[in-house]
Amino acid sequence: MTGYTMPKGFLWGGAVAAHQLEGAWNEDGKGMSVADVMTVGSATKPREITNGVIPGKNYPNHDAIDFYHHYKGDIKLMAEMGFKAFRTSIAWTRIFPKGDEKEPNEAGLKFYDDLFDECHKYGIEPVITLSHFEIPYHLVKEYGGFTNRKLIDYFVRFARVCFKRYKNKVKYWMTFNEIDNQSSFNNDFLMATNSGILFKNGMGDKEKEAAMYQAAHYELVASALAVKEGHKINPDFQIGCMINYSPVRPLTPSSDDVLLADKFEQRRDFFSDVHVNGEYPNAVEDYIERNGYRPDITEEDKIALKEGTVDYVGFSYYQSTTVSSKKVKPDELTDLQEAIVENPTLQRSDWGWEIDPEGLRISLNHLTDRYHKPLFIVENGLGAYDKREADGSVHDPYRIDYLRKHIEQMEKAVVLDGVDLMGYLPWGCIDLVSAGTGQMDKRYGFIYVDKNDKGEGTLERSKKDSFDWYKKVIESNGKDLD
Ligand code: P53
């Protein structure tokens, strides 16, 4: 199949996050992060968030795929695919093990120096998320995560140290991964990973939502202050936000469904609205007011938000969202999750994620119209069960099919719709620990890693069929999609 050629300099590559692949969870001075107290789950069983590390439980992030000791070989494989960019995160707890220290941990800083050097050896541009679901556990337990204003300073200190240290090695940054996911404030996993909030049993929706808006505010201020500092440290830095974008569709053409979809989108886009515009959108400001949440927002915060707007909008795209006013009336929308229904026109993955390639083109158009900023697809992909054959090969036509259809839509958005797109970094380019379920067997990679949900395996790496396919896509700059 022939696709369109992407503009010169388009960043083809892949994406991962520190806690999902590095392992070495307590080596070289690394502290415990919130990901280190999460057990393995499954497609039907959520991960447990334990009170500290309990001996005998299976914590898949502790060892993950041991990228910490395998990164040279892994980067070499990515270079072989022709990667122009590689997105990962800096584990906050390698740099500030508890999060509130004054001085950083040199061994942690050194690891990322070496990793970034390894990328540059092959002309691969690192794309770095500062906070990707790996907030120091100490900040969660002792401070209540981002419900505490002190976290702003701790995050900004972490950001400043990274910006200064990697000033000449990293150009592309993002502050908080999928900051908008916490709009589903009843999801304990998303609240813990996004903002370091552990809700007490029996807390009601109102209390949870108020805490979410407070935490989101402090994170948005922390992000803005970091962006401002980053630009001072290196004016060439490109610092973006990162959201989990999902275009919202009304289940029917009824006005109630359409209005519900609009309201849903306003509340979901609130996070990127603030990141890009430097101020709260009216709809959400009114909503917060009306509900009596009154977060602590100072005049200085407002100035910070204005002075630290982002350079681009990074986003993950996995699926679209369909809502029905039969579930929630537009004026009664609180937890966004409650409005969602299945889209009867779409197929689902083995984990129930809807597959909607056209939704990616729609996303690119919506985001362009809303923000007038360059966009960057920093996650997209299919989590699937793979089978490694006796000879080491892995045949994954379903993954190729998924990616091909999404790339096709992305290319149409760039060429036919005029979207300004920086690059495409599919998720989990090497098999890693799933964030949502903690599984190894929910695989996204072009590179297979021999390890299962029980933690057994040799960690041996092998190329899937999708490896050679993606290599051709990159080589042809998007033209050869066969
Ligand atoms: P997993 C929820 C909804 C959308 C994206 O997810 C999400 C999540 C969290 O599970 O996470 C992003 O591994 C995230 C990655 C994550 C990836 O999507 O649950 O930024 O860390 O691994 C895929 O299949």
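The values are calculated or read from the model by the stated rules, or taken from the named source; none is laboratory data. Source: prediction; values computed, not measured. Cβ placement follows ideal geometry from the backbone for every residue including glycine, while neighbour counts extend to all protein chains displayed.
Is there a residue being in contact with a helix residue (DSSP H, G or I) (Cβ under 6 Å, 6 or more places away or on another chain), in a loop (DSSP other than H, G, I, E, B) and modelled with pLDDT of 95 or more anywhere in segment 336-359? So far as segment 336-359 goes, no, none of its residues is in contact with a helix residue (DSSP H, G or I) (Cβ under 6 Å, 6 or more places away or on another chain), in a loop (DSSP other than H, G, I, E, B) and modelled with pLDDT of 95 or more. The residue list Gly383, Gly352 contains one member that is surrounded by fewer than 16 Cβ atoms within 10 Å (Cβ to Cβ), within 16 Å of the ligand (Cβ to nearest atom) and either within 23 Å of the chain's Cα centre (by Cα) or of a type in the set (A, V, I, L, M, F, W, C) (or both), which is Gly352. Taking (1) away from the ligand (no atom under 16 Å from the Cβ); (2) more than 29 Å from Gln238 (Cα to Cα) in turn, Phe185 satisfies each apart from (1). If you go through segment 293-319 and keep only what is among the basic types (Lys, Arg) and either assigned to a loop (DSSP other than H, G, I, E, B) or crowded, with 21+ Cβ neighbours inside 10 Å (or both), you end up with just Arg294. Among all positions in segment 22-37, there is no residue which is within 27 Å of His406 (Cα to Cα) and either touching a helix residue (DSSP H, G or I) at 6+ places or on another chain (Cβ under 9 Å) or not small (Gly, Ala, Ser) (or both). Residues that are touching an Asp or Glu at 6+ places or on another chain (Cβ under 8 Å) and closer than 24 Å to Val37 by Cβ do not occur anywhere in segment 114-124.
Out of the residues in segment 414-429 that are more than 17 Å from Tyr312 (Cα to Cα) and either surrounded by fewer than 22 Cβ atoms within 10 Å (Cβ to Cβ) or of a type in the set (S, T, N, Q) (or both), state the one that is nearest to the ligand (Cβ to nearest atom). Give the steps one after another, and end with the answer.
Step one: filter segment 414-429 for residues more than 17 Å from Tyr312 (Cα to Cα), giving 415-417, 426-429.
Restricting the remaining residues to those that are either surrounded by fewer than 22 Cβ atoms within 10 Å (Cβ to Cβ) or of a type in the set (S, T, N, Q) (or both) gives 415-417.
On the way: Val415: 27, Leu416: 27, Asp417: 24 Å.
Residue satisfying both the conditions and the ranking: Asp417.
Every residue in segment 430-450 that is away from the ligand (no atom under 15 Å from the Cβ) and of a type in the set (Lys, Arg), please. Those that are away from the ligand (no atom under 15 Å from the Cβ) and of a type in the set (Lys, Arg): none in segment 430-450.
Restricting segment 1-44 to residues that are surrounded by fewer than 18 Cβ atoms within 10 Å (Cβ to Cβ) and within 13 Å of the ligand (Cβ to nearest atom) leaves a set whose member that is nearest to Tyr143 (Cα to Cα) is Ser42. Looking for something in a helix (DSSP H, G or I), crowded, with 24+ Cβ neighbours inside 10 Å and within 16 Å of the ligand (Cβ to nearest atom) - is there at least one such residue anywhere in segment 148-162? No, that holds for no residue. Taken over segment 298-322, the criterion of being in contact with a Phe, Trp or Tyr (Cβ under 9 Å, 6 or more places away or on another chain), more than 15 Å from Leu367 (Cβ to Cβ) and among the polar types (S, T, N, Q) is satisfied by Gln319 alone. Scanning segment 272-320 for residues that are among the hydrophobic types (A, V, I, L, M, F, W, C) and within 19 Å of Glu178 (Cα to Cα) yields Val274, Val276, Val284, Leu305, Val310, Val313, Phe315. The strands (runs of 3 or more DSSP E) found wholly in segment 380-482 and carrying at least 1 residues that are closer than 30 Å to Asp369 by Cβ occupy 421-424. If only residues of segment 105-132 that are farther than 23 Å from Pro295 by Cβ and within 16 Å of the ligand (Cβ to nearest atom) are counted, the one that is surrounded by the fewest Cβ atoms within 10 Å (Cβ to Cβ) is Ile128. Mind checking which pairs have a first residue in segment 51-70 that is more than 22 Å from Glu118 (Cβ to Cβ) and a second that is assigned to a loop (DSSP other than H, G, I, E, B) and of a type in the set (D, E, K, R), Cβ under 8 Å, 6 or more apart or different chains? Hits for this filter: Lys57/Glu48; Asn58/Lys454; Pro60/Asp453.
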